[in-house]
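The structure appears below as structure tokens.
The values are calculated or read from the model by the stated rules, or taken from the named source; none is laboratory data. Keep in mind that what you see is a predicted model, and the values were worked out from it rather than measured. Cβ: placed from backbone, ideal geometry, glycine included. Neighbour counts: every protein chain shown. With ligands, DNA and RNA removed, areas are computed over all heavy atoms of the protein, side chains included. Shrake-Rupley method; radii C 1.70, N 1.55, O 1.52, S 1.80 Å.
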Amino acid sequence: VDLIVEVVAGSYCTVDSLLIGGCSADLIPVALRIMNWAPGQEYSKVHIRNMALDLRSTQLFGHVELKTENLQPGSLLLKTTLENARMRTWTLGVGTWSNNPWMVQLGWTHNNFFKRGVGFGANGSFGQYEKSLGASVFWLGWLGPGSQSRVSFIMQREDEDFYRSIEERVQFIQSFRPNARDVFKVGLSASVIDVETFTPDPGEIPDAQG
């Protein structure tokens, strides 16, 4: 048996022009960076799909649509229609934990608070033995369009029967997405913790102050 395969190549196309619209003006440079498009780029369905995935993963765009139009034989226009996402998010939690009989948690996040994709978030919790307050600023990361950088300041206080602990913490977290499914995070944190101990006997001097 002879197996003969005949293949006819399709037309070779390049994406020579890009048009972005529908979103706020400050997010257009952000979209350009995420798409990483260059004039004369070879057309690829997989590349177009990955562009759309990267745009959606930022949570800055609620609607993403990429279409190509013929400019001339072998030359395409990539029309990108974007729509701003709902930037503000509120979170509220009330519950019980093994180390806190009750706790109330509240958070607020704006994904584009400082414009150009730079967001701000604040959160706090109030419980019987633990209280915390934090704020963070985050932006598209340095490792590529699928990454995010975040700087946070957190103050946490613990009140127990025999000690009081106050912690001030600054942390930097860098996340990156090597593929469509996995997200990895690495970070660096620095804390200053002040601990005050108590004893049942008011006249006794406690050990390990500070």
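Of all residues in region 144-167, which are surrounded by fewer than 15 Cβ atoms within 10 Å (Cβ to Cβ) and either within 14 Å of the chain's Cα centre (by Cα) or closer than 25 Å to Thr58 by Cβ (or both)?
Once the filter is applied, which keeps residues that are surrounded by fewer than 15 Cβ atoms within 10 Å (Cβ to Cβ) and either within 14 Å of the chain's Cα centre (by Cα) or closer than 25 Å to Thr58 by Cβ (or both), region 144-167 yields Gly144, Val151, Phe153.
From the set of residues in region 15-50 that are hydroxyl-bearing (Ser, Thr, Tyr) and touching a strand residue (DSSP E or B) at 6+ places or on another chain (Cβ under 6 Å), which is nearest to Gly117 (Cα to Cα)?
Among those that are hydroxyl-bearing (Ser, Thr, Tyr) and touching a strand residue (DSSP E or B) at 6+ places or on another chain (Cβ under 6 Å), it is Ser24.
In region 78-93, which residue that is loosely packed, with under 15 Cβ neighbours inside 10 Å and of a type in the set (Ser, Thr, Tyr) is nearest to Ser11 (Cα to Cα)?
Across region 78-93, the extreme among qualifying residues is Thr89.
Tell me the residue from Gly144, Gly124, Gly117 that is touching a Leu at 6+ places or on another chain (Cβ under 8 Å) and part of a loop (DSSP other than H, G, I, E, B), please.
That would be Gly117, the only listed residue that is touching a Leu at 6+ places or on another chain (Cβ under 8 Å) and part of a loop (DSSP other than H, G, I, E, B).
Conditions: (1) exposed (fewer than 14 other Cβ atoms within 10 Å of the Cβ); (2) out of contact with any helix residue (DSSP H, G or I) (no Cβ under 9 Å at 6 or more places or on another chain); (3) within 25 Å of Val151 (Cα to Cα). Lys115 meets all but one. Number of the miss?
(2)
If you check every pair at least six apart or on different chains, which have Cβ atoms under 7 Å apart with a residue in region 130-153 that is among the hydrophobic types (A, V, I, L, M, F, W, C) first and a residue that is assigned to a loop (DSSP other than H, G, I, E, B) and open to solvent by 30 Å² or more (accessible area, probe 1.4 Å) second?
Pairs that qualify, where the first residue is among the hydrophobic types (A, V, I, L, M, F, W, C) and the partner is assigned to a loop (DSSP other than H, G, I, E, B) and open to solvent by 30 Å² or more (accessible area, probe 1.4 Å), are Val137/Val118; Trp139/Val118.
Looking at region 54-77 only, could you name the residues that are in contact with an Asp or Glu (Cβ under 8 Å, 6 or more places away or on another chain) and either more than 21 Å from Gly146 (Cα to Cα) or open to solvent by 90 Å² or more (accessible area, probe 1.4 Å) (or both)?
The answer is Leu71, Ser75, Leu76, Leu77.
Scanning region 168-186 for residues that are assigned to a strand (DSSP E or B) and farther than 22 Å from Arg157 by Cβ, which turns out most open to solvent (accessible area, probe 1.4 Å)?
Lys185
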